[in-house]
Amino acid sequence: MEFLLDALSRYTLSPIYEQKGFGAKIYKILYHGGTRLTYMKITGGSLRARDELSYLSADGKRLCEKVSQIRLYSSDKYEQVERVE
């Protein structure tokens, strides 16, 4: 097993993301009990609970929303945190 991990480390490249502030890719949105849960992969910067995010809607309008809480999920369980990078 150690040989495989060493080979992967040696012969593969990790993605390099630019550090131009916060960036993320949204890959799933669910609604649970009237609350919207947005699943994202953070590609740069950091995000804190209560930060304000702006984005373009499908019709090109700029919208702003506040982050109410941040959860790190593992299967059905989650841990609530104040900041992610």
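Which one is least open to solvent (accessible area, probe 1.4 Å) among residues in region 28-53 that are over 24 Å from residue 16 (Cα atoms) and outside any loop (DSSP other than H, G, I, E, B)? So the residue we want is 37.
Of all residues in region 13-32, those that are more than 15 Å from the chain's Cα centre (by Cα) and modelled with pLDDT of 90 or more total 1. The residues of region 54-85 that are open to solvent by 80 Å² or more (accessible area, probe 1.4 Å) and either aliphatic (A, V, I, L, M) or in a loop (DSSP other than H, G, I, E, B) (or both), listed by number, are 56, 58, 59, 61, 68, 72, 75, 76, 82, 85. Annotation: residue 39 fulfils all but one of (1) modelled with pLDDT of 85 or more; (2) farther than 20 Å from residue 78 by Cα; the unmet one is (2). Residue count for region 1-27, restricted to those that are surrounded by 10 or more Cβ atoms within 10 Å (Cβ to Cβ) and more than 21 Å from residue 85 (Cα to Cα): 2.
The values are calculated or read from the model by the stated rules, or taken from the named source; none is laboratory data. All values derive from a computational prediction rather than experimental measurement. Heads up, the Cβs are rebuilt from the backbone with ideal geometry, glycines too, and the neighbour counts pull from every protein chain shown. SASA here: full protein model, heavy atoms, side chains in, ligands and nucleic acids out. Shrake-Rupley method; radii C 1.70, N 1.55, O 1.52, S 1.80 Å.
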